[in-house]
Amino acid sequence: MEKTTKRIVKLTVNKEIHEVAINVNRTLLEVLREELALTGAKESCGQGVCGSCTVLLDGLPVRSCLLLAVEAEGRHITTIEGLSCGEKLHPLQDAFVEHHAIQCGFCSPGMILTASAFLEKNPSPTEDEIRRALSGNICRCTGYAKIIGAVKALVDSGR
Amino acid sequence: MDKFSLIGKNMRRVDTTSKATGEAIFSADLVLPRMLVGKVLRSPHPHAKILNIDTSGAEKLPGVMAVVTAKDTCGDKWGVFRYTQDQQFLPTEKVRYVGEEVAAVSAIDEDTALEALELINVEYEKLPAVFSVEASLMPNAPIIHDAYPNNINIHVKIDVGDVEKGFQESFYVREDSFSAPEDSYFQAEPYAVVAQFDHSGNLEIWMPNAGPHLKAKPLSNVLKIPLNKVRVRKIRIGGAFGGRSEISPADTICALLARKSQRPVKIVYSREENSICTRQAHSMNATIKTGVDKEGRVIARDITCHMDGGAYSSTGPIAVSVPFLCMEQAYRMDNVRYNGYRIFTNKPIRGMFRTHGRAFACGVDLQLDMIGEHLGINPLEMRLRNARQKGDYTPTKSYVASCGMSETIQKTGEMSKWNEKWGKLPPYHGIGIGCNSVQTGFPMGIRGGSQAFIKFNEEGGITVISGVVDNGQGNDHMLIQIAAEELGLSANDVQLINADTEVTPSDPGSYSMCETFVGGNAVRLAAQDAKKKLFKYAASALKVDCSVLDARDKKIFVKDSPDQNISMSKVVRMALSRGEAISGEGSYWPKVDPKREWVENPSGQLSETFSFGTVIVEVTVDPETGQVKVLEAWASQDVGYALNPIVIEGQFEGGLAMGGQGGMLTEFHIWNDGRVLNPTQLDYKVPLAIDMPKINNIIVETIDPNGPYGAKEAGMSIAMSAAQAYCGAICNAIGVYMNDFPLTPDKILKAIEEKDTK
């Protein structure tokens, strides 16, 4: 197998700039997990269906398993590790814990990031809009009821 | 003051904050110094002799650190039971399904490992293969295992009462057949293993598991190293749902690669590997003959099931038995015969799945609807008349110590307004009900009990040590909640060390729904043991008798005079100053019949207690498209006592999604000659947020006499009864009883068409 040439790529992740030498065929998910030790983004389906690898690119959710790391150069990447601020949880993270929206937790980082981008765009959605917004993220444990409930509770609380 | 300070209250789980922040580490996230990537070479043939494996090309590739084949194994065949030892983790003689492990490599990176797999040359001699129960049972069918003539892997035979006489005495008898193809776990986390060996021969290994001790002992056996040198470590687990209980070939292969490389190795399965090469649920054909009296009470039942077990035994004896046992628990049936067969085919291996046997469970319930229609009795009433009651014995002689079956039926019926809806809904609008029951563990020999330790520090905080594992359902929190309640502490005062086979005592594992009942009881007993020691010192300090003391808010106080108190830390320090460290030990062995055996002796106390659940759903069906819309669901289970109600609701909702929404509408595998055509998340349809109906949770509490605080298990009766309720509701909506599940739009349209042409 022919080895691809490594390239230095400058990535802005959670407001920090990282220079990494990577093969250009590496996905953003691989680089985040393997080069930057940001393992909050998970690979579950590997084909852009389940949403477990979701990160925000300039504030919009993307499937990092389908995106080459080189394509993310010059953009602002937010991972789940960048959502909380020091010891303080993001209100959505807190709502997910409080309302038992997390069971095994494998889908949670992607789910929370998708929800946070959605609420930025639509701060007072209906329940149906929340369901639609989160339907690109698959959860096998919860039946989604408590996830929808957590987002709704946060919206209702006006935080 | 409430009876309990923590039990029975909605609590934030101790483990979920780390899962919300990305801090929680799952097996694939783990990185060790000098770690290598492991990859597995798999059989492209469903049935073939292995003539030769040439690994020399792979070994010469720069960056490859080890290649392993059957030559690196002890060659033993492994099995869960002494009579099911049929699987070599790297086979010597032949492969039996597409995807079976043949060889593996460890290399410095993934690209090198994948390249090395291509350089391994395996010579096969293809053998004829069989892909269905029918084909496998043909007289001239190829034999998959020499030790199992006719490809019959397991036959469970139960015969209680006088079935023939029961049919003769019945007012109405009918026989129906039901079928369902394989479904899958689709845990969020694909299987992953990390293993490392040190030069003293100690193995450390991390993997998703439903019982670390159930992994450690078989690993010790197949690697031929002492059990104390196998250290299965705790790691976060992304779901199990009945799977991940047995040793996986990946565990052994990863350990072999780590030993041969003398470096840590990580194997991460792709989604396709997780679907094909871990476990799937059995496909099933069930023929059910039921005789009832005029009032619809079941007099006799005769059931024959054939399950496609795939290529190896796995937990076959359990998987063949559990669908029947759940139903004999849920409904009274005095005269009953069960013949359950597990048949080998050249397909991937099947294990136990949360929704045991769709064809069987839905068949029994749907047939009750048919019988009810014939007799003019509505389905809810049919279930009430046959519901299991407290104090009964099941046909296979399990005493039922607590039972809320009838209460769950009544409550879901009332809340869903069943009586106002049944028979009165417009065309293509239906309502259905399902009932089921689940064990809280079963006889597991020396692995049947759980033990726990508690130690105090001088500030009054504790560490709980338990073998219980958390697959995502919340077992970690359950243990902490029980220990904190019992000792008057907060969850914050408790640290937990669990699911690590080096540190923790033995435990049965989480897959048989026994962890609250067995592991929870053990922790409660350990806490009570520690409390006794604390009270001895507190009593002497307060100059009272131990019997008047209680513990709460990190204080020990006199029950009738709370002002007379002493802080927990002071008591611990008092004990330390007198040369005693406060600790506790607890051990819980469920009262089951140790002589009960799945095949040889399926009689005697199976489980100390049972949960009972009912689901009702209301649906509409679009007659143009066959699409089902679920309007609302009502889920009720007798959980004994709800330790953490919000967690139980989560189990109900997740169970309904998997068993009902997925299990009855969309989930099944499709095949081409033993090849799974839909192993990916894109092609295998699990429910999405937009699909799910409003779910109303109804928790029923019967306070089990022996459960911790009366608790039993949370949610599995819902997963199973949801499939049955969905099935009944759809059949009610279209006015046709369907017998092949899941009920996909094509089948629904065909049923409507056939009905209209009649």
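The values are calculated or read from the model by the stated rules, or taken from the named source; none is laboratory data. None of the values given here were measured: they were computed from a predicted structure. In this analysis, Cβ positions are derived from the backbone assuming ideal geometry, glycine residues included, and neighbour counts consider all displayed protein chains.
Can you find a residue in the stretch B:425-437 that is more than 14 Å from chain A (Cβ to nearest Cβ), over 19 Å from B:G242 (Cα atoms) and of a type in the set (S, T, N, Q)? Break it down stepwise before answering.
Filtering the stretch B:425-437 for residues more than 14 Å from chain A (Cβ to nearest Cβ) gives B:425-437.
Applying the additional criterion that residues be over 19 Å from B:G242 (Cα atoms) yields B:425-435.
The next check asks that each one be of a type in the set (S, T, N, Q); those that pass are none.
So far as the stretch B:425-437 goes, no, none of its residues is more than 14 Å from chain A (Cβ to nearest Cβ), over 19 Å from B:G242 (Cα atoms) and of a type in the set (S, T, N, Q).
In the set A:V97, A:V62, A:V70, which member is surrounded by fewer than 19 Cβ atoms within 10 Å (Cβ to Cβ) and either hydrophobic (A, V, I, L, M, F, W, C) or in contact with a Cys (Cβ under 6 Å, 6 or more places away or on another chain) (or both)?
Just one listed residue meets the conditions, A:V70.
Condition check ((1) modelled with pLDDT under 95; (2) assigned to a helix (DSSP H, G or I); (3) assigned by TED's automatic domain parsing to the domain that holds B:Y511; (4) crowded, with 24+ Cβ neighbours inside 10 Å) across all residues:
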{"site": "B:T290", "(1), (2), (3), (4)": "no, no, no, yes"}
{"site": "B:G296", "(1), (2), (3), (4)": "no, no, no, no"}
{"site": "B:R301", "(1), (2), (3), (4)": "no, no, no, yes"}
{"site": "B:C305", "(1), (2), (3), (4)": "no, no, no, yes"}
{"site": "B:G309", "(1), (2), (3), (4)": "no, no, no, yes"}
{"site": "B:S314", "(1), (2), (3), (4)": "no, no, no, yes"}
{"site": "B:P317", "(1), (2), (3), (4)": "no, yes, no, yes"}
{"site": "B:P323", "(1), (2), (3), (4)": "no, yes, no, yes"}
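Filter the stretch B:224-247 down to residues that are hydroxyl-bearing (S, T, Y) and modelled with pLDDT of 95 or more, then give me how many there are. Walk me through how you get there before you give the answer.
Step one: filter the stretch B:224-247 for residues hydroxyl-bearing (S, T, Y), giving B:245.
After this cut, where a residue has to be modelled with pLDDT of 95 or more as well, the list is none.
Residues in the stretch B:224-247 being hydroxyl-bearing (S, T, Y) and modelled with pLDDT of 95 or more: 0 in total.
In this structure, is A:G105 within 29 Å of B:V31 (Cα to Cα), without any contact (Cβ under 8 Å) to a residue 40 or more places away in the chain and buried (at least 17 other Cβ atoms within 10 Å of the Cβ)?
Working: within 29 Å of B:V31 (Cα to Cα): yes; without any contact (Cβ under 8 Å) to a residue 40 or more places away in the chain: yes; buried (at least 17 other Cβ atoms within 10 Å of the Cβ): yes.
So A:G105 passes the test.
Take B:E632 and decide whether it is among the acidic types (D, E) and in a strand (DSSP E or B).
yes
For A:T78, indicate whether it is within 30 Å of B:G715 (Cα to Cα), of a type outside the set (A, V, I, L, M, F, W, C) and at pLDDT 95 or above.
When the stated conditions are applied, A:T78 does not pass them.
For the stretch B:422-468, name all the residues that are in contact with a Lys or Arg (Cβ under 8 Å, 6 or more places away or on another chain) and either under 30 Å from B:P693 (Cβ atoms) or at pLDDT 95 or above (or both).
B:I431, B:I433, B:C435, B:S437, B:T440, B:E458, B:G460, B:I462, B:T463, B:I465
With respect to the numbered conditions (1) of a type outside the set (A, V, I, L, M, F, W, C); (2) within 14 Å of chain A (Cβ to nearest Cβ); (3) more than 18 Å from B:N498 (Cα to Cα), which one is the sole condition not fulfilled by B:G239?
Only one criterion in (1) of a type outside the set (A, V, I, L, M, F, W, C); (2) within 14 Å of chain A (Cβ to nearest Cβ); (3) more than 18 Å from B:N498 (Cα to Cα) is unmet by B:G239, namely (3).
Which members of the stretch B:631-656 meet the condition of being among the β-branched types (V, I, T) and over 13 Å from A:H99 (Cα atoms)? Break it down stepwise before answering.
First, pick out the residues of the stretch B:631-656 that are among the β-branched types (V, I, T): B:639, B:646-648.
B:V639, the sole residue that qualifies.
Determine whether B:V544 is touching a Leu at 6+ places or on another chain (Cβ under 7 Å), at pLDDT 95 or above, over 18 Å from B:I454 (Cα atoms) and not hydroxyl-bearing (S, T, Y).
It is false that B:V544 is touching a Leu at 6+ places or on another chain (Cβ under 7 Å), at pLDDT 95 or above, over 18 Å from B:I454 (Cα atoms) and not hydroxyl-bearing (S, T, Y).
Going through A:A133, A:A145, A:A150 one at a time, which residue ends up being more than 7 Å from chain B (Cβ to nearest Cβ) and closer than 19 Å to B:Q473 by Cβ?
Only one candidate passes the filter, namely A:A150.
Looking at the stretch B:14-36, can you tell me whether even one residue there is buried (at least 20 other Cβ atoms within 10 Å of the Cβ), modelled with pLDDT of 95 or more and more than 28 Å from the chain's Cα centre (by Cα)?
For the stretch B:14-36, residues buried (at least 20 other Cβ atoms within 10 Å of the Cβ), modelled with pLDDT of 95 or more and more than 28 Å from the chain's Cα centre (by Cα): present.
Just for strands (runs of 3 or more DSSP E) wholly inside the stretch B:1-68: which have at least 3 residues that are within 30 Å of B:P142 (Cβ to Cβ)?
Passing ranges, in order: B:36-42, B:48-54.
Mind checking which residues of the stretch B:175-201 are more than 19 Å from A:E43 (Cα to Cα) and touching a helix residue (DSSP H, G or I) at 6+ places or on another chain (Cβ under 7 Å)?
If the condition is that a residue be more than 19 Å from A:E43 (Cα to Cα) and touching a helix residue (DSSP H, G or I) at 6+ places or on another chain (Cβ under 7 Å), then B:D176, B:F178, B:S179, B:A180, B:D183, B:A195, B:Q196, B:F197, B:G201 are the ones that fit.
List every residue pair whose Cβ atoms lie under 7 Å apart, where the two residues are 6 or more positions apart in sequence or sit on different chains, the first residue falls within the stretch B:1-16 and is more than 14 Å from chain A (Cβ to nearest Cβ), and the second residue, located anywhere, is assigned to a loop (DSSP other than H, G, I, E, B).
B:I7/B:L643; B:G8/B:A642; B:G8/B:L643
How do the pairs read when you match residues in the stretch B:618-629 that are touching a residue at least 12 places away in the same chain (Cβ under 8 Å) with residues anywhere that are basic (K, R), using Cβ under 6 Å and keeping only pairs 6 or more apart or on different chains?
Cβ pairs passing all conditions: B:T620/B:K629.
Taking the residues in the stretch B:38-61 that are touching a helix residue (DSSP H, G or I) at 6+ places or on another chain (Cβ under 9 Å) and over 10 Å from B:A116 (Cβ atoms) as candidates, determine which candidate is surrounded by the most Cβ atoms within 10 Å (Cβ to Cβ).
Going through the qualifying residues, I end up with B:G38.
Just to be sure, is A:R140 at the interface with chain B (Cβ under 7 Å from one of its Cβ atoms), assigned to a helix (DSSP H, G or I) and buried (at least 19 other Cβ atoms within 10 Å of the Cβ)?
no
B:E653: in contact with a Pro (Cβ under 6 Å, 6 or more places away or on another chain) and either closer than 30 Å to B:A751 by Cβ or crowded, with 24+ Cβ neighbours inside 10 Å (or both), yes or no?
Working: in contact with a Pro (Cβ under 6 Å, 6 or more places away or on another chain): no; either closer than 30 Å to B:A751 by Cβ or crowded, with 24+ Cβ neighbours inside 10 Å (or both): yes.
So B:E653 fails the test.
Can you name every one of the strands (runs of 3 or more DSSP E) wholly within the stretch B:445-522 that holds 2 or more residues which are among the hydroxyl-bearing types (S, T, Y)?
Once the strands (runs of 3 or more DSSP E) in the stretch B:445-522 are filtered for at least 2 residues that are among the hydroxyl-bearing types (S, T, Y), what remains is B:462-466.
Out of everything in the stretch A:46-90 that is in contact (Cβ under 8 Å) with a residue 60 or more places away in the chain and within 11 Å of chain B (Cβ to nearest Cβ), what residue ends up being farthest from the chain's Cα centre (by Cα)?
In this case the residue turns out to be A:V49.
Taking the stretch B:627-654 as the search range and keeping residues that are aliphatic (A, V, I, L, M) and farther than 17 Å from B:T609 by Cβ, which one is nearest to the other protein chains (Cβ to nearest Cβ)?
Filtering first and then ranking leaves B:I646.
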